[in-house]
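**Student:** Handing you a structure now.
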Amino acid sequence: MTAITFDATQKPPFALISLGFYVTIPLLLLLRAPSTGAQEQVNGVVAGRVTDPRGQPQSVLVSLVAGGEILVGQVYTESNGNFSFSNLHSGLYYVTVEAPGYRPARESVMIDARSSSKTQINISLEPVAPGPAPPGPIVAGSPTSYRLNLRANRRAFDARALHEFDKGNEKQRSGDWKAAVSHYEKALRIDPDFYPALNNMGAIALRRKEPAEAESFFLKSLAVNPDDGEAYINLGHVLYEQAKYQPAMERLEEGLKRSPESSAGHFFLGSVYLKLGDLEKAEKDLKTACALEPTGMAQAHLQLANVYLRRHDMRAASAQLREYLQANPSDPQTPAIKKLLASIDANETN
């Protein structure tokens, strides 16, 4: 067996690809109407129809989400493509549809439950173009993300495994996930404890919305290299996606002990604290994420806006939203965010 060992004082001859932090949590914001002391109305209704480009009705699962990616409800369309959600509070919602063979669809809708009105929204699904799927948005981790901790692990790596791993990274960069997985699997057949491949396999599984498989890969990676902070952060991300917030917090905290400059780690930990209702800690970690990566952590500004909305600090929320839009003027959520800003401005002047 040909093996390669590395001196801990030298730069590794290869770099690992940061696959671990795909942001699969759109940061949606809910602005409730100011309280008047009366009981809030819950008479809002969202109804609609889902069709293909030819106007044919589609039988698909439709989701309705509100602030902080809170799932309000899910329904399957009827045979004619119709769906509806009722008993809704006032605020901003998103109707989302994900169906095999079509691009994910997402439409915003503002509900004013006081008027007891029914809001109609129709969705026409767009087919996915043939070819490999483009990579999703990546939130980078710390400057040492996915580099080998050579001081903690001096084991030899098989040269053939490294070769397959590099091939997998090349395929990942081109967006060919299937081929990337094939090369990572070859690397793992050569060296089952080659933890960089385990990490990247877990990240791909997470992107494919296979949380159980992703969790298995990250746990195997940590069993081989328990000092890998990024693997803890990846595992925390998986648990966050499954709404397992307490264990997610514990894994993220462990990861940040080992990789304290991981902006993604602070982002997800701040998001977990927000879910758990600890707004002070949420604000601290989200601000740290922004400071560590000023130009690449736009999602943290949106999540900070959620923190300030929960505190009813509309001025601070507005500032975060405007900062996000300045950095991401072409973001698909721009129209909804601008609408939200207009609502905040209107409430400020009333």
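**Student:** If Pro135 satisfies all but one of (1) at pLDDT 80 or above; (2) surrounded by fewer than 20 Cβ atoms within 10 Å (Cβ to Cβ); (3) not assigned by TED's automatic domain parsing to the domain that holds Phe83, what's the number of the condition it fails?
**Tutor:** Pro135 satisfies every listed condition except (1).
**Student:** For segment 20-35, check the following and say yes or no: at least one residue is under 26 Å from Thr334 (Cβ atoms), exposed (fewer than 14 other Cβ atoms within 10 Å of the Cβ) and modelled with pLDDT of 80 or more.
**Tutor:** no
**Student:** Do you know which of the residues in segment 176-188 that are farther than 21 Å from Ala231 by Cβ and either touching a Pro at 6+ places or on another chain (Cβ under 6 Å) or hydrophobic (A, V, I, L, M, F, W, C) (or both) is surrounded by the fewest Cβ atoms within 10 Å (Cβ to Cβ)?
**Tutor:** In this case the residue turns out to be Ala179.
**Student:** Another question, if that's okay. Just a yes or no: is a residue in segment 237-259 in the same structural domain as Ala214 (by TED's automatic domain parsing), surrounded by 24 or more Cβ atoms within 10 Å (Cβ to Cβ), closer than 24 Å to Asp331 by Cβ and without any contact (Cβ under 8 Å) to a residue 40 or more places away in the chain?
**Tutor:** So far as segment 237-259 goes, no, none of its residues is in the same structural domain as Ala214 (by TED's automatic domain parsing), surrounded by 24 or more Cβ atoms within 10 Å (Cβ to Cβ), closer than 24 Å to Asp331 by Cβ and without any contact (Cβ under 8 Å) to a residue 40 or more places away in the chain.
**Student:** Just to be sure I understand the filter: pairs with C-beta atoms under 6 Å, separated by 6 or more residues or on different chains, first member in segment 189-211 and in contact (Cβ under 8 Å) with a residue 40 or more places away in the chain and farther than 18 Å from Asn225 by Cα, second member among the hydroxyl-bearing types (Ser, Thr, Tyr) and outside any helix (DSSP H, G or I). Which pairs pass?
**Tutor:** Arg207/Tyr22
**Student:** Shifting gears a bit: What do you reckon, is Tyr324 among the hydroxyl-bearing types (Ser, Thr, Tyr), closer than 27 Å to Asp345 by Cα and crowded, with 22+ Cβ neighbours inside 10 Å?
**Tutor:** So Tyr324 fits the description; yes.
**Student:** Same structure again: Would you confirm whether or not segment 277-288 contains a residue that is touching a His at 6+ places or on another chain (Cβ under 6 Å) and either farther than 21 Å from Tyr94 by Cβ or among the charged types (D, E, K, R) (or both)?
**Tutor:** Yes - at least one qualifying residue is present in segment 277-288.
**Student:** Would you confirm whether any residue within segment 61-70 is at pLDDT 80 or above, part of a loop (DSSP other than H, G, I, E, B) and farther than 14 Å from Val46 by Cα?
**Tutor:** There is no residue in segment 61-70 that is at pLDDT 80 or above, part of a loop (DSSP other than H, G, I, E, B) and farther than 14 Å from Val46 by Cα.
**Student:** Another question about this same structure. Need at least 1 residues that are in contact with a Lys or Arg (Cβ under 7 Å, 6 or more places away or on another chain) and closer than 24 Å to Asp285 by Cα per element, so show me which helices (runs of 4 or more DSSP H) inside segment 183-258 make the cut, counting only ones lying wholly within it.
**Tutor:** Counting at least 1 such residues, we get 229-241, 245-258.
**Student:** Something else: Quick check on Val75: is it crowded, with 19+ Cβ neighbours inside 10 Å and either modelled with pLDDT of 75 or more or not charged (D, E, K, R) (or both)?
**Tutor:** No.
**Student:** How many residues does segment 167-211 contain that are among the charged types (D, E, K, R) and either within 20 Å of Leu239 (Cα to Cα) or at pLDDT below 85 (or both)?
**Tutor:** Number of matching residues: 8.
**Student:** A further question on this structure: Would you pick out the residues in segment 164-175 that are surrounded by fewer than 18 Cβ atoms within 10 Å (Cβ to Cβ) and touching a residue at least 24 places away in the same chain (Cβ under 8 Å)?
**Tutor:** Across segment 164-175, the qualifying residues are Asp166, Arg173, Ser174, Gly175.
The values are calculated or read from the model by the stated rules, or taken from the named source; none is laboratory data. Everything numeric in this text was worked out from a predicted model, so none of it was measured. Neighbour counts are summed over all protein chains in view; Cβ atoms, including those assigned to glycine, are modelled from backbone coordinates with ideal geometry.
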